[in-house]
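Asks: Shown below is the structure under consideration.
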Amino acid sequence: MFDCQLDEAIRLDAIDIQFQPQIDPVGGRVTGAEALARWDECATADELFDRAERARLGERLSRTVQRKAIAMAARWQGPLGKLRLSINALPADLNRAEYDQWLLDVLDAEGLDPSRLTLEIVESALLVDRPAVAERLERLREVGIRIAVDDFGTGYANLAYLTSLPLDWLKIDRALVADIVGGARDQIVVKAMIRMARDLGLRVTVEGVETAAQLQLLAAWGADSYQGFLGAGALNEVELDRFVTAANSPRIAA
């Protein structure tokens, strides 16, 4: 069913972008930020995109958010100018034959160095036409864009694509780390995922980190970065600038 309100919000550029920091679990430095769509009519980005999908506006919303986030990051200066930007692509994006060229054109038009961009994809995007998706992703990687599998471990968990697709990063889903402090089996699973990723030459971001005890375990196991309320939630550009400036300022030994 068509959604006139959401259609108008997209057309009038009323979809906001916030950014969740990606943080080094050992030193506490912010290394990147994930762009998250925000709209007053929906509580979360997931709710917003679910609404868009029902109205057949998902791909249009996705590309609007991607373009806007890239344009914002291209303007960042100072500490923000050194961050990697992560954006999310829908399966519908990747299934379009022209998507890779569209993304490259946006980067060129907005002036963002491709080496500062990470494209996050979900596991379900890899089930439609894997050879075609792999070809598009490889073309993006050739110019410096990094490819991450989002929410790893809770979807189809087809381990074959870890060796057959051009990937750089795994993002372990928050559901897998919720009970790692007290759960022996949860610890075994997450620790094994991190070890497997490292053996494959992939880097690891863990989502949904909320306690210092979780962070201590993930740092010991070799996670490269984390996202979660322990560090920061979604921030607007001004809040992100303040957060990154404070987190990445040189420490003076007492």
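Quick grid of which residues meet (1) part of a helix (DSSP H, G or I); (2) hydrophobic (A, V, I, L, M, F, W, C); (3) out of contact with any helix residue (DSSP H, G or I) (no Cβ under 8 Å at 6 or more places or on another chain):
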{"residue": "Gly32", "(1), (2), (3)": "no, no, yes"}
{"residue": "Ala37", "(1), (2), (3)": "no, yes, no"}
{"residue": "Glu47", "(1), (2), (3)": "yes, no, yes"}
{"residue": "Asp50", "(1), (2), (3)": "yes, no, yes"}
{"residue": "Arg60", "(1), (2), (3)": "yes, no, no"}
{"residue": "Val65", "(1), (2), (3)": "yes, yes, yes"}
{"residue": "Lys68", "(1), (2), (3)": "yes, no, yes"}
{"residue": "Pro79", "(1), (2), (3)": "yes, no, no"}
{"residue": "Ser86", "(1), (2), (3)": "no, no, yes"}
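Asks: Suppose we filter Ala246, Ala197 for residues that are part of a helix (DSSP H, G or I) and surrounded by 15 or more Cβ atoms within 10 Å (Cβ to Cβ); which single one remains?
Replies: Details: Ala246 fails: surrounded by 15 or more Cβ atoms within 10 Å (Cβ to Cβ).
Criteria check complete, one pass: Ala197.
Asks: Considering each residue of region 16-28, count those that are assigned to a loop (DSSP other than H, G, I, E, B), in contact with a helix residue (DSSP H, G or I) (Cβ under 6 Å, 6 or more places away or on another chain) and surrounded by 15 or more Cβ atoms within 10 Å (Cβ to Cβ), and give that number.
Replies: 1
Asks: Another question, then. Given the conditions (1) touching a helix residue (DSSP H, G or I) at 6+ places or on another chain (Cβ under 9 Å); (2) crowded, with 21+ Cβ neighbours inside 10 Å; (3) within 29 Å of Tyr99 (Cα to Cα), which single one is not true for Ser225?
Replies: (1)
Asks: Here is a follow-up. So is Gly182 over 23 Å from Glu53 (Cα atoms), touching a residue at least 12 places away in the same chain (Cβ under 8 Å) and either outside any helix (DSSP H, G or I) or not aromatic (Phe, Trp, Tyr) (or both) or not?
Replies: No; evaluated as a whole, the condition is false for this residue.
Asks: Continuing with this model, one more query. Quick check on region 88-124: of everything there that is in contact with a strand residue (DSSP E or B) (Cβ under 7 Å, 6 or more places away or on another chain), in a helix (DSSP H, G or I) and charged (D, E, K, R), which residue is modelled with the highest pLDDT?
Replies: Per the criteria, the residue is Arg116.
Asks: Answer yes if at least one residue in region 82-99 is more than 18 Å from the chain's Cα centre (by Cα) and on the phi > 0 side of the Ramachandran plot, and no otherwise.
Replies: Checked against the condition, which is being more than 18 Å from the chain's Cα centre (by Cα) and on the phi > 0 side of the Ramachandran plot, region 82-99 yields no hits at all.
Asks: Every residue in region 205-216 that is surrounded by fewer than 21 Cβ atoms within 10 Å (Cβ to Cβ) and of a type in the set (A, V, I, L, M), please.
Replies: Ala212, Ala213
Asks: Okay, next question. Can you tell me which condition Ala192 does not meet? The list is (1) crowded, with 19+ Cβ neighbours inside 10 Å; (2) not in a loop (DSSP other than H, G, I, E, B), and all the others hold.
Replies: With (1) crowded, with 19+ Cβ neighbours inside 10 Å; (2) not in a loop (DSSP other than H, G, I, E, B) applied to Ala192, the lone miss is (1).
The values are calculated or read from the model by the stated rules, or taken from the named source; none is laboratory data. Predicted model, so just to flag it, every value in this text is computed and none were measured. In this analysis, Cβ positions are derived from the backbone assuming ideal geometry, glycine residues included, and neighbour counts consider all displayed protein chains.
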